[in-house]
1. How many residues does region 237-277 hold that are assigned to a loop (DSSP other than H, G, I, E, B) and either charged (D, E, K, R) or crowded, with 19+ Cβ neighbours inside 10 Å (or both)?
2. Kindly provide the set of residues from region 54-73 that are more than 26 Å from the chain's Cα centre (by Cα) and loosely packed, with under 15 Cβ neighbours inside 10 Å, ordered by number.
3. Could you give every pair whose Cβ atoms fall below 7 Å, whose first residue belongs to region 225-238 and is over 16 Å from Met292 (Cβ atoms), and whose second residue is of a type in the set (Asp, Glu), counting only separations of at least 6 or pairs across chains?
4. Looking at (1) at pLDDT 95 or above; (2) buried (at least 17 other Cβ atoms within 10 Å of the Cβ); (3) small (Gly, Ala, Ser); (4) assigned to a loop (DSSP other than H, G, I, E, B), which is the only condition Ala234 fails?
5. Mind counting the residues in region 11-54 that are under 30 Å from Leu418 (Cα atoms) and among the charged types (D, E, K, R)?
6. Name the residues in region 415-469 that are small (Gly, Ala, Ser) and over 18 Å from Ile386 (Cβ atoms), would you?
7. Give me the pairs, please: first residue somewhere in region 19-40 and in the same structural domain as His78 (by TED's automatic domain parsing), second residue anywhere and of a type in the set (S, T, N, Q), beta-carbon distance under 7 Å, and either six or more positions apart or on two chains.
Amino acid sequence: MSGLDSAFLYLEQPHMPMHVGSLCILDGSLGFERFREHLISRLDRIRTFQQRLVEVPFSMDRPFWVDDPDFNIDDHLHHTALPKPGGWKQLRRLCSRVFAQQLDRNKPLWEFVFVEGLEAIPQVPTGSVAIISKIHHAAIDGMSGNTVMSALFDATAETSTYESKEPKPTEPLPSALELIAHSATDFIRRPFKLPGILFETAQATIKSGTFSRVVRRDLSAIPFTAPATPFNAAISRSRNWNTAVLDMKRIKAIKNRAGCTVNDVVLTICAGALRRYLSEINKLPDSPLVAMVPISTRSTDKKDSLGNQVNATLVQLATDIENPIERLNQVHQNMLRSKSSHQAVDANLIMQYGELVPYGLAGQAARVYTRTELANRHRPLFNCIITNVPGPRIPLYLAGHKMIASMGMAPIVDGIGLTMVVFSYQDMLTISPLSSPKVMPDLDRFTRYIWESANELEAAINALEDEST
């Protein structure tokens, strides 16, 4: 397990589960038993679904993934139905409750909830079903989530042939002495990695400084300089989740007219919603909010591997600019600056430092930070997380049933109580915020502002074109 993967373990607290999740809606009356059979037939394609963590005694080293000798798929599947009337309100409330619950570390770290009773959701056929998924962030990132999706879904509606697979023999869980012996070699070698990492850091620092002087500007936003907002505080156990569904064709039309990227447009839409939400509660800072935007460092030869292979860049969201077009232009420039900074620094450098952090010490530090509510006593590292995961452009099918929509979820932590997962599927783009009611009690209103921010930006672009013709 890498240092970055293990970070999601020692950050986890009872009120801060560190899993990623999704909601998939499937057309047609797929039955639970058929879904269970389909999942069993695909388990061999996702090895981590049959692996669990084992902890090294005294937290001497990071945990290991091992095959679970007691694996039982029924420990990870749940079957429920929405209460009447079976609308979006009932479904998002169920998602919020499921996403708030921590996974059991004594079992493989994933869970699916099969949901029936979808009777009153607009543009969703009556009798459709939903799948709520949770997989621990220590095992997966956004891009490797697509690997899981490709293992479970098909590109055609043709019914697959289900074969009962014989369970593979597994070794018993390693003993404490075996775990210590396994860790000893790496534990001894780890300090010898430091000189090389320091040399790479010096090279990156010189490179970044030279780049900054050449372009005569700051490379990107700096950690701990973001302004304070209500959602940059200690959070509670409860979660609120929702999603705004946008037309990808309209997003691309804005992108083409403005001469920017889809990501620039998405960030600008999120910035508009944040600006309006904070303005209405008289909490809009004078300086722009800063978002952490994850960037995949997964190479093509590792595209099918799981685990986390990401870096991050900080981007100012131009929430101090009222005009949506001017805001888009500024976000575009800020993204160019952040990408330049990202290219000037080795993308794997921070991950290498993570390898040197003692697992037990890091876990203790995380618990102290939570107990003392230090998140309320310093400036935010950044204000929110906005992660964009490109999905498939073609329709996908699970056991012959078409996926109508897919929406994502990413965890929040003390001090950073808002995440927004952006996921594209066919001609649909969803922006799904998650927060804690302690720091953002009216997430539904904020979600509506995302949709309205997109309309505002589109109207401004159209009006500008009308003036020029």
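1. Residues that pass the stated criteria total 5.
2. Pro57, Phe58, Pro69, Asp70, Asn72, listed by residue number.
3. Filtered contacts from region 225-238: Ala234/Glu373; Ala234/Asp414; Ile235/Asp414.
4. Among (1) at pLDDT 95 or above; (2) buried (at least 17 other Cβ atoms within 10 Å of the Cβ); (3) small (Gly, Ala, Ser); (4) assigned to a loop (DSSP other than H, G, I, E, B), the lone unmet condition for Ala234 is (1).
5. Going through region 11-54 one residue at a time, the tally reaches 2.
6. Hits for region 415-469 are Ala459, Ala460, Ala463, Ser468.
7. Gly21/Ser133; Ser22/Ser133; Ser22/Ser406; Cys24/Ser406; Ile25/Ser128; Leu26/Ser128; Asp27/Ser128; Gly28/Ser128
Yes or no, residue by residue, for (1) among the hydroxyl-bearing types (Ser, Thr, Tyr); (2) under 26 Å from Asp154 (Cβ atoms); (3) at pLDDT 95 or above:
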{"residue": "Leu418", "(1), (2), (3)": "no, no, yes"}
{"residue": "Thr430", "(1), (2), (3)": "yes, yes, yes"}
{"residue": "Pro433", "(1), (2), (3)": "no, no, yes"}
{"residue": "Met440", "(1), (2), (3)": "no, no, yes"}
{"residue": "Thr447", "(1), (2), (3)": "yes, no, yes"}
{"residue": "Leu457", "(1), (2), (3)": "no, no, yes"}
{"residue": "Ala463", "(1), (2), (3)": "no, no, no"}
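The values are calculated or read from the model by the stated rules, or taken from the named source; none is laboratory data. Remember, predicted model here, so these are calculated numbers, not experimental data. No Cβ is skipped: glycine too gets one built from the backbone with ideal geometry, and neighbour counts run over all protein chains shown.
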